[in-house]
1. Would you check which residues across the stretch 235-264 are without any contact (Cβ under 8 Å) to a residue 40 or more places away in the chain and either under 30 Å from residue 319 (Cβ atoms) or outside any loop (DSSP other than H, G, I, E, B) (or both) and list them?
2. Considering only the stretch 51-95, state which residues are more than 12 Å from residue 334 (Cα to Cα) and aliphatic (A, V, I, L, M).
3. How about the stretch 115-151: which of its residues are assigned to a loop (DSSP other than H, G, I, E, B) and aliphatic (A, V, I, L, M)?
4. Going by the conditions given, is residue 409 surrounded by 14 or more Cβ atoms within 10 Å (Cβ to Cβ) and free of Cβ contacts under 8 Å to residues at least 60 places away in the same chain?
5. Give 384, 373, 353, 400 a once-over and let me know the one that is at pLDDT below 95 and closer than 19 Å to residue 439 by Cβ.
6. Looking at the stretch 50-69, which of its residues are farther than 23 Å from residue 229 by Cα and part of a helix (DSSP H, G or I)?
7. Mind listing whichever residues of the stretch 152-168 are crowded, with 19+ Cβ neighbours inside 10 Å and assigned to a loop (DSSP other than H, G, I, E, B)?
8. Filter the stretch 195-226 down to the residues that are under 19 Å from residue 135 (Cα atoms), surrounded by fewer than 22 Cβ atoms within 10 Å (Cβ to Cβ) and of a type in the set (A, V, I, L, M, F, W, C) and list them by number.
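The values are calculated or read from the model by the stated rules, or taken from the named source; none is laboratory data. Everything numeric here is computed off the predicted structure, so don't read it as measured data. Quick reminder, even Gly has a Cβ in these numbers, built from the backbone with ideal geometry, and neighbours come from all protein chains shown. We work out accessible area using only protein heavy atoms, side chains counted, and drop any ligands, DNA or RNA first. Shrake-Rupley method; radii C 1.70, N 1.55, O 1.52, S 1.80 Å.
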Amino acid sequence: MLKRNRLNKLLVKLIFLVLVTQLFSCSQSSNSQKPNVILILTDDQGYGDLSAHGNPLLKTPEMDKLYEQSVRFTDFHVAPMCTPTRSQLLSGYDAMRNGATAVCQGRSMLRSDMKIMPQYFAEAGYATGLFGKWHLGDSYPYRPRFRGFQEVISFRAFGITSLADYWGNTYFDPVFMHNGVDKKYEGYCTDIFFNEAMSWMKKCKDEKKPFFLYLPTNTPHEPDIVAEKYAEPYKGLFDGKTINENFYGMIANLDENIGKLEKFLKENNLRENTILIFMSDNGTQSKHAQAIYNAGMRGKKKSVYEGGHRVPLFVRWIDGKLQHGTDISELTQVQDLLPTLIDLCGLESNDTKFDGTSLAGLLKEGKKLEDRKFVIQYNISGEKWDPAVVLWKKWRLANKNELYNIETDPAQTNNVITKFPEISREMEAHYNNWYKDVKPEFEVKRDIIIGSEKANPLMLYASDWDGDYCDNPGRLIRANGNGFWDLIVENEGTYEIELFRWSEESQKPLIDSYDGISEKGIKPIVKAQLIVGDFNETVLTKPEDKSVKFKLKLNAGNTTLKSNLFDKDNNILCGAMYVKVTRLTNQI
């Protein structure tokens, strides 16, 4: 009897082990069958800035190969500026709805109550990584690590050299944030992002984990910096027109990295079951590139004419049996990509009603979309038509009073609004209904949280304040602006708030110049004021002071923070460009 009991127990253990092994095997099999996703978003590369689209000068052989192997969208639209495009891409919602409508002035932060692309993938068991530009908020809870990305190598604000970026940073041997900690890297920025992304993908493969890779490069955005070997072939003139050789050189370097990525995918058997998406965030930034070739379109970056927001979109998924090698002329927008990936990857969406629509049927079966109209609007004010364009089929109603048919007038030179009043009325009616729907959501506040265990201390940047435009070196040097930050104090307690004229790592005195040699950027600061809720205190400063510190008690809840820096005549010079907030204790 004892022997039989032991045998029964042994049999139960064996059955349990077999079941666990099968379950683990099924889990691994399920994960291995999920498609990987690589989303490449270049910065300021226009529709005409690659040779596959007819550029007579620029050579992009690797992008051209991808073009040939992909489904190509020929009427695909984004916002005319980077942040609203990124917010729409990751959320599936219009920028006027998600709040991130501009590059600074408190309008570069994507609403934290909106679930975004990496969170959908992370919940489905994917590894999620961001290697490159974020530009959707640099404080808590807006940073990418708090929005679903598990591995992050990035920089702050619009790019390298921005006000919020690491002091003295450059495209070569830069300092990037690795999971929130500044770290020095060797090499050229774009090369670093691709190389680090490939190392991360290799790790994911070894761990048998599907991955979502977001690879938004900071090139070919200004400043136009690249190794000489990439710019050299483009020096001189083309048909008597000036060539921006560094702009083209940055794209040539990007092209080379896409070739390296393709080689990596082949060598690691990742190519077939990886959805690879290539696109850019707005029209070309280079007026010289626009003059040489803009695919016949009017406008460039920041314009609501076609050249400002029509961009390339290539999609390849070999195992997915997409309509590769074909052009799709349907009217599509960047908000469509999240619902598309949800469908292609089988992610759980809880029937969320996005502003975009899934393109999965179009990609797989050529299934036509329903007739649609949509609006592109960006900028700070959120006021009607500031600026905006309505798109419907091949019609474009720009700034309310200009109507173009881009099928017959691709350069948008002939305003036909008086010839087609019924078309313009219908498009304007659509705009009015859309605006009525999104404006209340545009007004939703996007507060920065201070005193959280997840981000203490925390730095506030002038690029994120609600106030004057202040996000680049020129604005930092002039320092003639001011603004305030909307805050939520998460934990009551004693706080130290430190005001800086220059970034903390620069170790520069308040009254120093930008370069420490000339008079550029010198402000004769003699006192500083801090206003937080009911707290209002002004202190004198000394010439050697690098910052000004205040200690105060804050209750949990909503408040605002504002600062002023004064000269000897009590004139306000500017606000502090950087403000460090540290919760010292939990007690009031």
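1. The first filter runs over the stretch 235-264 and keeps only residues without any contact (Cβ under 8 Å) to a residue 40 or more places away in the chain, leaving 235-237, 240, 245-246, 249, 263.
Correct list: 237, 245, 246, 249, 263.
2. Those that are more than 12 Å from residue 334 (Cα to Cα) and aliphatic (A, V, I, L, M): 52, 57, 58, 63, 66, 71, 81.
3. Of the residues in the stretch 115-151, the ones assigned to a loop (DSSP other than H, G, I, E, B) are 115-116, 124-126, 133-143, 147-150.
Listed by number, the residues that qualify are 116, 124, 136.
4. Values: surrounded by 14 or more Cβ atoms within 10 Å (Cβ to Cβ): yes; free of Cβ contacts under 8 Å to residues at least 60 places away in the same chain: yes.
Yes: the conditions hold for residue 409.
5. On the way: 384 fails: at pLDDT below 95; 373 fails: at pLDDT below 95; 400 fails: at pLDDT below 95.
The unique qualifying residue is 353.
6. Within the stretch 50-69, the subset farther than 23 Å from residue 229 by Cα is 53-54, 66-69.
The answer is 53, 66, 67, 68, 69.
7. 155, 156, 157, 158, 159, 160, 161, 162, 163, 164, 165, 166
8. none
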